[in-house]
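Student: Okay, handing you the structure first.
No value in this document is a laboratory result; all are computed from the given coordinates. Since the structure is predicted, the reported quantities are computational estimates derived from the model, not experimental observations. Don't worry about glycine lacking a Cβ; one is built from the backbone with ideal geometry, like all the others, and counts go over all protein chains shown.
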Amino acid sequence: MIFMKHKILIIEDDFTIQTQLKTLLTANGYEVHIVTNFSDIIHLLKESTPHLVLLDIKLPVNSGFEICSQIRTFSDIPIIFVTSSNTDMDELNSIMLGGDAFITKPYNTAILLAKIASLLKRAYALPQTEVLTWNGAALHLESSQIAHNDHKTDLTKNEVKILYYLFRNAGKICSRNDIVDFLWDNQLYVDDNALSVNIARIREKLTGIGLTNFIKTKHRQGYII
Amino acid sequence: MNGRQYLKNQLPVLLVNLLGIITLSLFLLACGNSIQSILFLSCVWGAVVLLYLTVLYRRRKKYLENMLSMAEQLEERYIIPEVIKIPERADDQVFYQLLKMAEKSMLEKIGSVQRERSEYKEYIEQWIHEVKTPITALKLLCENNRSPFTREMLAELENINRFTEQALYYARSEHPEKDYCVREINLNDVVHSAIADSKYLLRQNHVTVTVDKMENRVYTDEKWVRFILNQLISNAVKYRTNQPVLHFYSTRKENHVLLSVADNGIGIAQSDISLIFEKGFTGQNGRTVPNATGIGLYLCKRLCDKLGIGLTAHSEGIGTRMVLSFQINHFVSDFLVE
């Protein structure tokens, strides 16, 4: 999977959140810029040309609302307001001034990432990467199928999500806990036992299309493909 | 006004008049008047005095009762001097002045208490927004460094966040109209976001969560319902048994949508069930499970009342079922369909 890295500008005055957001977003394949000089945000924004802006409301110098309306005078880039105040007034203001989304702290990182991905997709009409491939297996997300050579098999919702996670982290060990976390973030409330059952069923299906030992178990660590 | 007490107060007047009658009688007797005429004169004098006192008593009584009823009609009784007429009697005027003074100091006191309260409320809201920054930072730190250790921290962070939200909504529940926005919301979405808020807590306690498909749309404030659901989830976890189960489903009943949150926990004793929404009530469960505060459900009920949502608890046999009932306003939904 080779595609252009999207640039995200973080406008946030808390140092820990800045760096941790950067870590999180970098790990998820984005290029991250951080604002350090709050009196010259617009200049930095024009220079770095980000694809998306994460904007806090309470900032030194100018408030997030002011910055948002300044940005809107020359650009349509997606803006996500990220704030700790969850009053309706703030939410309304952010929409009125042209913000695309409003997320309150402390946010669920899965939801934040999903929001970013969907806004980027909408704004830049990204090519659909609905097929993931690894070691000769192709995971078709749209039709919930996995293919190997000319064999195909249907997958359930849980199975698709588990395989999606393994494909996204192909070559790395995925702990059982992380997989379950990922499923929960996708509103599939699976417990440890159910995960074992699902993995067993996936292996069975993979064997059926000629992929034996595709998912390997790392004892006490998790799974790897 | 008590008649006997009034008569007692008028005792000096009566005595002075009696003394007058006796003195006059003695004087007239000495002057050689007949007993009959003296008696007649004394009776007339006595009658005039009694008549005077009765008329005065009646008028006074009427005047005072009028004031009492005025005071009773007032919601804020301390502003009574603003409604009554300025009295004409000299001593009444003094009492009027006293009332005025009392009213003024009362109003000043109320003003300062209200100011302090609203300042405190503002401070609490601001504090909560401030504390959310380090909570967010910690949460990100933990999520970027996943390990069994940070997982436990994330569950505790969810608790911290829930408690701060509780304080925020407690402060807000006094003036909900200030922060209240009714929109069409999807029950499914709000249930999933409430679960996401307690994800680590639920996972840490190995709760089996099932959410039935809910197509229902209701008109309410999403933030508030999410907070309420979160409280219910935390209660279900707090009062769990082995292999806890949490089940969300919705049903339609006449013009209500009922959202049920059912668990298989220790349940609620029948004797307690009518009291669980009282402030500070912890009941039998509070004695077996630590950290029962008696605030969570009280606050939920209070918020539900303000939002016009029905909140009821059922505990028959196994576990507890909390039911939120949203009224479907046919007028609004029909209007939107058209």
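Student: Once the Cα atoms of helix A:157-168 and of chain A are each reduced to a long axis, what angle between those two axes, in degrees from 0 to 90 to the nearest 10, is obtained?
Tutor: Taking the Cα atoms of chain A, the angle to A:157-168 is about 70 degrees.
Student: Within the protein assembly as shown, what percent of beta bridges assigned by DSSP are antiparallel, to the nearest 5?
Tutor: About 65 percent, rounded to the nearest 5.
Student: I've got another one for you. Quick query: amide H of A:I8 versus all other amide H atoms, modeled in the peptide plane; which residues come in under 5 Å with a sequence gap of 5 or more or a different chain?
Tutor: Here A:E31, A:V32, A:H33, A:H51 satisfy the definition.
Student: Counting other beta carbons within 10 Å of each residue's own, what order do A:D13, A:D192 fall into, fewest first?
Tutor: A:D192, A:D13
Student: Determine the distance separating the Cα centre of region A:62-111 from the Cα centre of region A:204-225; give it in Å without decimals.
Tutor: 43
Student: Something else now. In degrees from 0 to 90, rounded to the nearest 10, what is the angle of the helix A:15-27 Cα long axis to the longest principal axis of chain A?
Tutor: 40
Student: Let me ask something else. What are the aspartates and glutamates whose alpha-carbon lies under 18 Å from the alpha-carbon of A:K121, with same-chain residues fewer than 8 places away excluded?
Tutor: Within the straight-line limit of under 18 Å, A:K121 reaches these aspartates and glutamates: A:E31, A:D76, A:D100, A:E130, A:E142.
Student: Explain nothing, just the number: relative contact order of region A:131-224, from Cα pairs under 8 Å at least 6 residues apart, as a whole percent.
Tutor: For region A:131-224, the relative contact order is 26 percent.
Student: Treat each spin label as a single point 7 Å out from the Cα along the C-beta direction, and report the B:Q270 to B:R59 distance in nm.
Tutor: A separation of 6.8 nm, rounded to one decimal place.
Student: Let's test this: bin the Cα-Cα distances of the protein assembly as shown at 20 Å from zero up to the farthest pair and state each bin's percent.
Tutor: Histogramming the protein assembly as shown at 20 Å steps yields 16, 37, 23, 10, 8, 4, 1, 0 percent.
Student: At a threshold of 8 angstrom on Cα-Cα distance, excluding pairs fewer than six apart, so keeping six or more, what relative contact order does chain B reach in percent?
Tutor: Worked out over chain B, it gives 11 percent.
Student: What fraction of the DSSP beta bridges in chain A is antiparallel, stated in percent and rounded to the nearest 5?
Tutor: Here the antiparallel bridges make up roughly 50 percent for chain A.
Student: Based only on other Cβ atoms within 10 Å, what is the fewest-to-most ordering of B:R117, B:R151?
Tutor: Working: B:R117 11, B:R151 17.
Final ranking by Cβ density, sparse to dense: B:R117, B:R151.
Student: Could you give the size of the charge dipole of the protein assembly as shown about its Cα centre, using +1 on the Cβ of each K and R and -1 on the Cβ of each D and E, expressed in debye and rounded to the nearest 20?
Tutor: It comes to approximately 1140 debye.
Student: Would you look at the GNM of chain B, springs on alpha carbons closer than 10 Å, and say which of B:C31, B:C300, B:C142 moves the most?
Tutor: Checking each option, the largest mean-square fluctuation is seen for B:C31.
Student: Okay, next question. What FRET efficiency do you get for B:Q73 and B:L50 if R0 is 30 Å and r is their Cβ-Cβ distance, rounded to the nearest 0.05?
Tutor: Details: r = 35 Å, r/R0 = 1.16.
Approximately 0.30, to the nearest 0.05.
Student: Continuing with the same structure: Can you list the lysines whose alpha carbon is less than 24 Å from that of B:K85, not counting same-chain residues fewer than 8 positions off?
Tutor: Here the lysines satisfying the reach criterion relative to B:K85 are B:K61, B:K62, B:K100, B:K104.
Student: Using +1 on the beta carbon of Lys and Arg, -1 on that of Asp and Glu, and nothing else charged, what's the dipole of region A:131-224 about the Cα centre, debye to 20?
Tutor: So the magnitude is around 320 debye.
Student: Nothing charged except the Cβ atoms of Lys and Arg (+1) and of Asp and Glu (-1): what's the magnitude of the dipole of region B:185-337 about its Cα centre? Round to the nearest 20 debye.
Tutor: Dipole magnitude for region B:185-337 comes out near 360 debye.
Student: Could I ask something else about it? Taking 7 Å along the Cα-to-C-beta vector as the label spot, tell me the B:Q97-A:S196 distance in nanometres, rounded to one decimal.
Tutor: Taking the simple label geometry, B:Q97 and A:S196 are separated by 9.0 nm.
Student: A further question follows. Nearest 5 is fine: what % of DSSP beta bridges in region B:185-337 come out antiparallel, could you say?
Tutor: Taking every DSSP beta bridge with both residues in region B:185-337, the antiparallel ones total about 85 percent.
Student: Something else now. Select from B:Q114, B:Q93, B:Q126 the residue whose mean-square fluctuation is largest in a Gaussian network model of chain B (Cα-Cα springs shorter than 10 Å).
Tutor: So, out of B:Q114, B:Q93, B:Q126, the one fluctuating most is B:Q93.
Student: Could you tell me which residue out of B:N188, B:T293, A:T207 lies farthest along the dipole of the protein assembly as shown toward its positive end? Charges go on the beta carbon: Lys and Arg +1, Asp and Glu -1, centred on the Cα centre.
Tutor: B:T293
Student: Same structure again: I need A:E91, B:E152 ordered by Cβ neighbour count within 10 Å, fewest first.
Tutor: The most exposed by this proxy come first: B:E152, A:E91.
Student: Excluding A:I8 itself, calculate the net charge of residues whose Cβ lies under 12 Å from the Cβ of A:I8, where each Lys or Arg counts +1 and each Asp or Glu counts -1.
Tutor: +2
Student: Okay, next question. With point charges of +1 on the Cβ of Lys and Arg and -1 on the Cβ of Asp and Glu, referenced to the Cα centre of the protein assembly as shown, which listed residue (A:S63, B:P244, B:S105) lies farthest in the positive direction of the dipole?
Tutor: The one lying farthest along the dipole's positive direction is B:P244.
Student: Then there is this: So what is the relative contact order for region B:179-247, in percent, with contacts set as C-alpha pairs under 8 Å and at least six apart? Intermediate results must be reported in sequence, preceding the final value.
Tutor: On the way: 75 pairs, mean separation 33.9, N = 69.
49 percent.
Student: Right, another one. Would you be so kind as to identify which of A:I10, A:V82, A:I111 lies farthest towards the positive end of the dipole of region A:6-124, taking Lys and Arg as +1 and Asp and Glu as -1 on Cβ and the Cα centre as origin?
Tutor: The listed residue farthest towards the positive side: A:I111.
Student: Here is a follow-up. Under a 10 Å cutoff between Cα atoms, tell me which one of B:Q270, B:Q36, B:Q97 has the largest fluctuation in the Gaussian network model of chain B.
Tutor: Fluctuation is largest for B:Q36.
Student: Quickly estimate the mean residue ellipticity at 222 nm for chain B, helices only: each DSSP H run with n ≥ 4 gives -39500 (n - 2.57), and the total goes over all residues, rounded to 500.
Tutor: On the way: 12 runs with 210 residues, N = 338.
Rounded to the nearest 500, the figure is -21000 deg cm²/dmol.
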